[in-house]
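Before any comments, here is the structure.
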Amino acid sequence: MDYIWQWNQIWDYRQVFVRGMQVTLILTCWALLIGLVLGLALGLMRSSRLWLLRVPAAIYIDIFRATPILVQLVWIYYALPILSGVQMGNITSASVGIGLHAAAYIAEIFRAGIASIDRGQSDAAKSLGMGYGQAMRRIILPQAVRRMVPPFINEFATLMKLTTLGSVLAVNELLHEAENLINNTYRPLETYTVVAVLFGLMIYPFIWLSQRLEQRWKTRG
Amino acid sequence: MSDTPIISVAGLHKSFGKLEVLRGLSFEVQRGEVLAIIGPSGSGKSTLLRCLNFLEEYQAGEVRFDDQLVGYRRSGGGKLKLDSENNTRRIRARMGMVFQSFNLFPHKTVLENVMEGPLVVQRVSRNEAEQRGRTLLQRVGLIDKIGAYPAQLSGGQQQRAAIARALAMQPDAMLFDEPTSALDPELVGEVLEVMQSLAAEGMTMVVVTHEMGFARQVADRVMVMDRGEIIELAPPAQVFGAPKSPRTAEFLRRVLH
Ligand SMILES: Nc1ncnc2c1ncn2[C@@H]1O[C@H](COP(=O)(O)OP(=O)(O)OP(=O)(O)O)[C@@H](O)[C@H]1O
Ligand SMILES: [Mg+2]
């Protein structure tokens, strides 16, 4: 219990943390973009009446939810190039891997949001003569989006945490930079503490926001 | 042309999986007629109404609206095939529907709710849609609630707004599914009044209801359903005064205590 904390050395290496955070944010952004676009498409497909759209989306979602993301990442990094001949850099691999993974969860958020809207709403829209697309766009989605926002922000926070898995592909995100640093400084305690605090600072605002929105929309009904 | 029934149903069968809910119904609704449908819970009244505008698919028989087959079309060999969404939508747009739970669009104001159909489905100008909306909301007594959201209205006001929303499409017939069943007793009257004035204007109406007073006074004919069948279809005086079927008598005894 008489550990002597040495912060000055960590301060000297502050640039390393900044660099790591930048990569973490880049990973997060790309993964989010992929996850969002693909997730929205999958979520709509999953809610479709046509099985040709619904079933493939369901299979995709189940596969990505039933396998560990670490396995998905190494598979995309090591196995995919052999099968497809497409060699991706490690940042790209990690972004794509995390994005594909997040898409499965975002799709579920999306589907659940649509499913949560009372059937009477689409009945009313249809009885006016609206088509499926019109009812979706003008009646269902505007109501569903509200309910999707809190879980969606949560998913965003999860996604940022998942970027640390990039370290297994030697992506220089925050955690990996920290591990490299420890090899030079032999100060794991201080370094990991800083990493934890930085992640907390980056992620907590979103968790807070999500809780706030959930509260507010609950009370407004 | 105007002698042909606006709605005609022949041999209509509808099942949910193994559960047969409608067992071969046939009847017609004339233009300008008010048909009240009564019957015990679970007898298939809502399902029948939802088949009329094809919110539910049916498995056998025909529903015709203004002589057009609803939801299906005949293919070359005479077999029935699902009609295109566009055709079904066109027919639906000619029938207004009012639901037990109102189903107003909660993210739109009362006026926007009423304008939605004309704007999006009939593609009339914003001016025209607003004009129609204001006229109808005036008529159902909601002109001062134009900018309110549904959650800010009482049940009776919501249902009147829902009726205005359906009327904004200038439909040829109106379908009502227990429009007053979700209302507090003191709010029932204001909705029935609107419906009564519609009937007086000659609107064709099919009304599923538990309001025996309405069925007796406003309806031209009353249909009694039980277990997916029509057990009585006659003018109210006959149904209430001298029911032919013992099941009708039994049902009326229960609801009129
Ligand atoms: N979407 C559905 N899926 C399966 N069964 C259904 C569905 N809708 C209705 N049913 C069943 O069909 C039967 C008739 O239901 P329906 O709602 O038409 O009765 P109803 O006469 O309108 O009754 P109520 O007076 O209670 O409204 C019931 O047994 C009901 O459980
Ligand atoms: Mg019903």
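FYI, it's all coordinate maths here, none of it is from the lab. Everything numeric here is computed off the predicted structure, so don't read it as measured data. Because the Cβ atoms are built from the backbone with ideal geometry, glycine has one as well, and the counts that use them run over all protein chains shown.
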Out of the helices (runs of 4 or more DSSP H) lying entirely within segment B:61-157, which hold 1 or more residues that are within 11 Å of chain A (Cβ to nearest Cβ) and more than 26 Å from B:L12 (Cα to Cα)? B:110-120
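Is it true that A:G120 is within 7 Å of another protein chain (Cβ to nearest Cβ) and out of contact with any strand residue (DSSP E or B) (no Cβ under 8 Å at 6 or more places or on another chain)?
Numbers: within 7 Å of another protein chain (Cβ to nearest Cβ): yes; out of contact with any strand residue (DSSP E or B) (no Cβ under 8 Å at 6 or more places or on another chain): yes.
Here the answer is yes, as A:G120 does meet what is asked.
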Kindly check whether there is at least one residue in segment B:128-151 that is touching a residue at least 12 places away in the same chain (Cβ under 8 Å), surrounded by fewer than 23 Cβ atoms within 10 Å (Cβ to Cβ) and touching a strand residue (DSSP E or B) at 6+ places or on another chain (Cβ under 6 Å). no
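Please give the helices (runs of 4 or more DSSP H) falling wholly within segment B:170-257 in which 2 or more residues are more than 15 Å from the chain's Cα centre (by Cα) and without any contact (Cβ under 8 Å) to a residue 12 or more places away in the chain. Don't jump to the end; show me each part of the working.
Numbers: elements: B:185-200, B:212-218, B:236-241, B:246-255.
The helices (runs of 4 or more DSSP H) meeting that bar are B:185-200, B:236-241, B:246-255.
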Pick from B:V21, B:V63, B:V9: which is surrounded by fewer than 22 Cβ atoms within 10 Å (Cβ to Cβ), within 16 Å of ligand 1 (Cβ to nearest atom) and among the β-branched types (V, I, T)? B:V21
